[in-house]
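Visitor: First, the structure itself, so that you have it in front of you.
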Amino acid sequence: MNFQFPDLTPVLPEAFLVLGALLLLLIDLSIKNKNATAFISLVLLMVTGFTVYSTPSGVTFGGMFSVDAYSSFFKYIFILSAAMAILVSGRYLRWRNEEHGEYYTLILLSTAGMMIMASAADLITIYLGLELMALSTYVLAGFIRGEVKSNESALKYFLLGAFSSAFLLYGISLIYGLTGITRLNLVASAISESGLVDNPVLFMALLMFVVAFGFKVAAAPFHMWAPDVYEGAPTPVTAFMSVGPKAAGFAVMARVFLVALHSLQADWTTVLVPIAILTMAVGNIIALSQQNIKRMLAYSSIAHAGYALIGLITGTSAGISAMMNYLIIYAFMNIGAFSIVIILDKGRVPASSDRLDNFKGLAKTHPVPAFLMLIFMFSLTGIPPTAGFMGKFYLFMNAVEAGYTFVVLAAVFFSVISAYFYLRVVKFMYMEEPEEGEIPAASMSTAPVSITIVLAVTALAVLLIGVYPEALLAMAKNSALIF
Amino acid sequence: MIPVTWYMMLSAAIFCIGIFGFIARRNVIIMFISIELMLNAVNINLVAMSHYLQDMRGQILVFFIIAVAAAEAAIGLAIIISLFRNRATVHVDEIKEMEG
């Protein structure tokens, strides 16, 4: 029996990140100042980003792992969101006496898991990447050990996450039984060659995948965990997991549905169209009644999963590129909004930190954060000249061209509804007086430099992409060419 | 020889029992065990198919699933313990800090 050693060049970024994260875990034992750990993890992410850029496209491990423009695009999203999450974490953790080096290792490992997911060309690799990402994120959600809310959030995330991966595995086992293969492109050819398109078991497997990925991207009716988990988890972790794992879920979803189950496109569109509409409806309508900013942003994140699903439903290369474009824009505006929530954080004050009422009169007391929040809220609503408008515009345009006019009509209708709760925050900030007896929140001048950097980057990106989207669009278009 | 469809039916039955246990029971530990049941249903399915197809891939995936399930158990129990230290309950209906 001859054993051929696989070519390791394509997995270099992931290998580097995992080894770096493990090494960081060791080095951290001798580091007293956790800011240094955070700094090292940022350097690791930067180097990983550079290796992603310099790694040539290729396939390794017998076709289980493929590097192409599509996976690289998603890897940039993951690295970017991880770096921004690390930057905003320091003070939040310090104020709760939970600043441990493991936090940064877990973020790095979770990022490595997402990168493996984006590159996965085999159902086994998808599962492994997904679990590496999910297991790290469960722990991150429960990182504030002394707080019941954080425990509860981790527990709910864990239970429903494990439940959904069981569905994914059952789907994989059915596909394997039918086709005898787990490689995505070979599954596609096996399905068309042996005439399995109308096989009810294959449709079952498809449904299992929809359930599993629906849980991961928090699409209705599989969204129930999201509000509780997002509310209870530490805010920087919420910012991270509302962007990274969601984008990773979409990356895998597009690959599985467009590559492996390509010949079932009519079937999965039929399943996904009602899910997308329901997701937008649930997210936008329930967000109207929220009194907690993190919970409101959780429902908003559900709604945005619905918008991104439209790009997937379109099923064309252009639609996928619009989805990718939207996901990166969403990363900027959402992390920006969460950074404002972190700036206004008051430490261990029981439960009052994240109330929506805290935003009342913010423009008078803290004009700069209020203005930035205004930009992010406009962008999340989709008002020009912000990036959110551009993202939605291209998403909807491609869907109309592909003939899904009614889905777009629903999306536009629900975006109008969403304006109410996003602009309510703006109204609170600019048109109401601060509440009496409120403990004053930390101001911009006392905020750590790292959060200021994130706010500057996100706000600039949101405005820049809104005015000049061509560069990003071209990049997304090139990356989606594999479909 | 037992036909492969019997194994598939067994697997489907155990998977459904797992789903039912997860939805119907309110004890966190039992819910967690139900998830393990679902994972093992998948393992039966994969091993049976792997034998039927005379292909190793299914068994390789089973090894991965077993390893990941072990890691998952460690993390899940750690989360349950840290919650138990604060609340002294394993009943999901009592774990409701956040609602709405």
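Visitor: Within segment A:58-69, is even one residue of a type in the set (D, E) and in a helix (DSSP H, G or I)?
Guide: Initial filter on segment A:58-69 (of a type in the set (D, E)): A:68.
Filter once more, keeping what is in a helix (DSSP H, G or I): none.
No, because not a single residue in segment A:58-69 is of a type in the set (D, E) and in a helix (DSSP H, G or I).
Visitor: Being facing chain A (nearest Cβ under 9 Å), part of a helix (DSSP H, G or I) and more than 22 Å from B:I17 (Cα to Cα) is the filter here; which residues of segment B:28-72 pass it?
Guide: B:S50, B:Y52, B:L53, B:R57, B:G58, B:I60, B:L61, B:F64, B:A71 - these are the residues of segment B:28-72 that are facing chain A (nearest Cβ under 9 Å), part of a helix (DSSP H, G or I) and more than 22 Å from B:I17 (Cα to Cα).
Visitor: Considering only segment A:184-286, give the helices (runs of 4 or more DSSP H) lying wholly within it that have at least 2 residues that are of a type outside the set (D, E, K, R) and farther than 22 Å from A:S321 by Cα.
Guide: On the way: elements: A:184-193, A:200-217, A:225-232, A:235-241, A:244-255.
Filter on segment A:184-286 gives A:184-193, A:200-217, A:225-232, A:235-241.
Visitor: Filter segment A:68-91 down to the residues that are surrounded by 24 or more Cβ atoms within 10 Å (Cβ to Cβ) and among the hydroxyl-bearing types (S, T, Y), then identify the one that is farthest from A:K216 (Cα to Cα).
Guide: A:S89
Visitor: Among the residues of segment A:136-168 satisfying the criterion of being facing chain B (nearest Cβ under 7 Å), crowded, with 24+ Cβ neighbours inside 10 Å and part of a helix (DSSP H, G or I), which is nearest to the chain's Cα centre (by Cα)?
Guide: So the residue we want is A:Y138.
Visitor: Quickly run through segment B:73-97 and pick out the residues that are charged (D, E, K, R) and at the interface with chain A (Cβ under 7 Å from one of its Cβ atoms).
Guide: B:R87, B:E97
Visitor: Right, here's the next one. Mind listing whichever residues of segment A:90-118 are farther than 22 Å from A:T55 by Cβ and within 17 Å of the chain's Cα centre (by Cα)?
Guide: Residue satisfying the conditions is A:L106 alone.
FYI, it's all coordinate maths here, none of it is from the lab. All values derive from a computational prediction rather than experimental measurement. Note that each Cβ is placed from the backbone with ideal geometry, even for glycine, and that neighbours are counted across all protein chains shown.
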